[in-house]
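Participant: Dropping a structure here in structure tokens format, bear with me for questions.
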Amino acid sequence: MRATVMFEAGDVRIEDVPDARLVEPTDALIRVTRACICGSDLWPYNQLEHSETGVRMGHEAVGVVEAVGADVRTMKAGDLVVMPFAYSDGTCVFCHDGLHTSCIHGGFFGTGDVGGAQAEAVRVPQADGTLFVLPVGEDDALMPSLLTLSDVMGTGHHAAVAAKVGPGKSVAVVGDGAVGLCAVIAAKRLGAEQIIILGRHADRIGLAREFGATDVVSERGEEAVERVRELTGGFGAHSVLECVGHGQAVATAIGVARPGGAVGRVGVPQDETMPASLPAFFGNVTVGGGPAPVRAYVEELLPDVLEGRIEPGRVLDRAVGLDGVPDGYRAMNDRESIKVMVRP
Ligand SMILES: [Zn+2]
């Protein structure tokens with residue numbers, strides 16, 4: 001089968017690889033009907049050291065179940081499923097707590113012997129716990145939005161949950177990528193009164209406004225902190241959703257939080273240590289978040305997608321076949337595209 005393999009920074013190829021197949025009795029095999037390129041794929045795209053074997057890419061997918069192992073109970077061949085970016089058993093102590101990304105039998109796609117989703121097919125471990133059967137056909141018009149439930153919409157929602165967004169709150173969203181835009185949707189959905197997006201790309205800001213952002217801050221660093229304070233009566237935001245991950249973004253996120261506020265981090269950190277420790281301490285700012293347990297959020301978010309109350313699929317502004325994946329990476333890296341959908 002054909003799959004996306006990254007050999008080093010900037011070198012993404014579509015390769016013939018051994019067919020994905022069932023290995024464990026708890027596995028499912030899915031034929032990928034939609035996948036995406038993720039903002040987090042751009043970190044290795046810029047930094048990966050040369051590897052002879054390469055790294056299999058992709059962790060977001062919707063697909064059709066082709067086969068299931070002997071122990072799989074909740075789906076059958078032919079079902080259309082959404083695949084969260086982490087697999088999980090759905091039964092362990094952490095899954096019961098809604099923290100599927102810490103599942104004791106879990107892991108991530110595109111690592112170890114589990115392939116990536118930017119491919120014709122993918123083996124899904126712990127299928128009963130991981131996959132969610134969708135009540136639509138594989139070419140449903142809602143497919144882009146359903147696909148975001150595999151990562152970016154669930155991740156934006158997790159940032160909002162970790163940052164304790166609620167009715168009447170002021171919210172700042174750091175980052176105008178696909179996750180930041182979904183974080184705006186999540187904040188509005190949870191009743192935020194004021195939603196300030198920190199970003200500077202006109203197309204993304206426009207979409208953020210359509211999703212519910214009330215204010216835009218295009219400055220960076222200290223100037224951005226000052227501007228958010230001005231917009232929030234001098235105090236900062238109750239809830240800050242950090243959707244980038246590099247040091248300056250985290251420092252800005254903590255800087256714009258009001259005393260007693262909360263920062264929800266979902267950008268993958270690029271630093272060993274957390275910046276702005278002192279202001280976080282003296283402001284009694286809660287800093288939470290981490291890899292989003294998107295599987296835990298599918299049931300809550302799916303009805304809003306199916307009934308058209310939220311349209312997170314609008315962040316997918318380009319679609320390619322597998323052959324277009326390498327150029328899709330380039331387009332996202334050059335900020336030509338917010339997020340690329342793949343139709344293998
Ligand atoms: Zn578990």
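The values are calculated or read from the model by the stated rules, or taken from the named source; none is laboratory data. If you're wondering where the values come from, they're calculated on a predicted model, not measured in any experiment. So basically every Cβ, Gly included, is an ideal-geometry build from the backbone, and we count neighbours across all protein chains shown. The area values use the complete protein model at the heavy-atom level, side chains included, leaving out ligands, DNA and RNA. Shrake-Rupley method; radii C 1.70, N 1.55, O 1.52, S 1.80 Å.
Participant: When every alpha-carbon pair in the range 178-262 is counted, what percent end up more than 23 Å apart?
Facilitator: Tail of P(r) above 23 Å: 11 percent of Cα pairs.
Participant: Right, another one. Under 10 Å, Cα contacts only: if you run a Gaussian network model on the chain, which one of Ser102, Ser150, Ser88 comes out with the highest mean-square fluctuation?
Facilitator: Ranking Ser102, Ser150, Ser88 by mean-square fluctuation puts Ser102 first.
Participant: On to the next question. Once every DSSP H run of n ≥ 4 in the chain is given -39500 (n - 2.57) and the sum is divided by its residues, what mean residue ellipticity at 222 nm do you get, rounded to the nearest 500 deg cm²/dmol?
Facilitator: -8000 deg cm²/dmol
Participant: Using the alpha carbons of the chain, what is the convex hull volume per residue in cubic angstrom, as a whole number?
Facilitator: 123 Å³
Participant: Write out the trypsin sites (Lys or Arg not before Pro) in the range 56-143 meeting two conditions: DSSP loop, and at most 13 other Cβ atoms within 10 Å of their Cβ.
Facilitator: Of the trypsin sites (Lys or Arg not before Pro), the ones in loops of the range 56-143 whose Cβ has at most 13 other Cβ atoms within 10 Å are Arg73, Lys76.
Participant: Charges on Cβ only, +1 for Lys and Arg, -1 for Asp and Glu, centred on the Cα centroid of the chain; of Gly261, Tyr45, Thr232, which one is farthest towards the dipole's positive end?
Facilitator: The Cα lying farthest towards the positive end belongs to Thr232.
Participant: Where both residues lie in the chain, what percent of DSSP beta bridges are antiparallel, nearest 5?
Facilitator: 55 percent
Participant: What accessible surface, in Å², does a 1.4 Å probe find on His158, ignoring ligands, DNA and RNA and rounding to the nearest 10?
Facilitator: Answer for His158: close to 20 Å² accessible.
Participant: Could I ask something else about it? Hey, any idea what the orientation-averaged projected area of the convex hull of the range 32-113's Cα atoms comes to, in nm²?
Facilitator: So the Cα hull casts an average projection of 6.9 nm².
Participant: In terms of the Cα gyration tensor, with a ≥ b ≥ c the square roots of its eigenvalues, is the range 140-210 rounded because a/c is under 1.5, prolate because a/b exceeds b/c, or oblate?
Facilitator: Oblate is the answer for the range 140-210, as a/c is 1.5 or above yet b/c matches or exceeds a/b.
Participant: I'd like to know how the range 6-164 sits against the 2.2 N^0.38 Å rule of thumb: what's its Cα Rg over that expected value?
Facilitator: Here the answer is 1.03, to two decimals.
Participant: On to the next question. If the elastic network links every pair of Cα atoms under 10 Å, which of Glu120, Glu49, Glu219 fluctuates the most in the Gaussian network model of the chain?
Facilitator: Looking only at Glu120, Glu49, Glu219, the biggest GNM fluctuation is shown by Glu49.
Participant: Within the range 221-294, list the GluC sites (Glu not before Pro) lying in a DSSP loop whose Cβ has at most 16 other Cβ atoms in a 10 Å radius.
Facilitator: Answer by residue number: Glu272.
Participant: Let me ask something additional. How big is D for the range 216-298, in µm² s⁻¹ as a whole number, if Stokes-Einstein is applied with the Kirkwood radius of its Cα pairs at 20 °C and 1.002 mPa s?
Facilitator: Calculated translational D: 165 µm²/s.
Participant: Here's something else I'd like to know. For the chain, with a Gaussian network of springs between Cα atoms less than 10 Å apart, report the residue from Gly260, Gly90, Gly106 with the top mean-square fluctuation.
Facilitator: It is Gly260.
Participant: Roughly how far apart, in whole Å, are the Cα centres of the range 273-344 and the range 42-110?
Facilitator: Taking the Cα centre of each part, the range 273-344 and the range 42-110 sit 16 Å apart.
Participant: In whole Å, largest first, what are the principal axis extents of the Cα atoms in the range 154-195?
Facilitator: Largest first, the range 154-195 extends 25, 16, 14 Å along its Cα principal axes.
Participant: On to the next question. Taking the Cα centre of the range 1-113 as the origin and placing charges on Cβ (Lys, Arg +1; Asp, Glu -1), which of Ala20, Ala77, His96 is farthest toward the positive end of the dipole?
Facilitator: Among Ala20, Ala77, His96, the one farthest towards the positive end of the dipole of the range 1-113 is Ala77.
Participant: Run the dipole for the chain about the Cα centre, Lys and Arg Cβ at +1, Asp and Glu Cβ at -1, nothing else charged, and hand back the magnitude in debye, nearest 20.
Facilitator: Magnitude of the dipole: close to 840 debye.
Participant: Ok, one more. Please list, or write none, the aspartates and glutamates whose alpha carbon is within less than 12 Å of the alpha carbon of Lys76, excluding same-chain residues fewer than 8 places away.
Facilitator: Asp27, Glu66, Asp128
Participant: Starting from the Cα of Lys164, draw a straight line to each of the lysines and keep only those under 22 Å, dropping any in the same chain fewer than 8 residues away.
Facilitator: Once the sequence-local lysines are set aside, what remains near Lys164 is Lys188.
Participant: Another question, then. Place a +1 charge on the Cβ of each Lys and Arg in the range 9-150 and a -1 charge on the Cβ of each Asp and Glu, then give the dipole magnitude about the Cα centre in debye, rounded to the nearest 20.
Facilitator: Charge dipole, the range 9-150, about its Cα centre: 200 debye, nearest 20.
Participant: Treat the range 248-289 as a sphere of radius equal to its Kirkwood radius over Cα pairs and apply Stokes-Einstein at 25 °C in a medium of 0.890 mPa s; give the translational diffusion coefficient in µm²/s, rounded to a whole number.
Facilitator: Rounded to a whole number, D works out at 240 µm²/s.
Participant: Using a basic spin-label model with each label point 7 Å from the Cα along Cα→Cβ, how many nm lie between Trp43 and Asp140?
Facilitator: In this crude spin-label approximation the distance works out to 3.2 nm.
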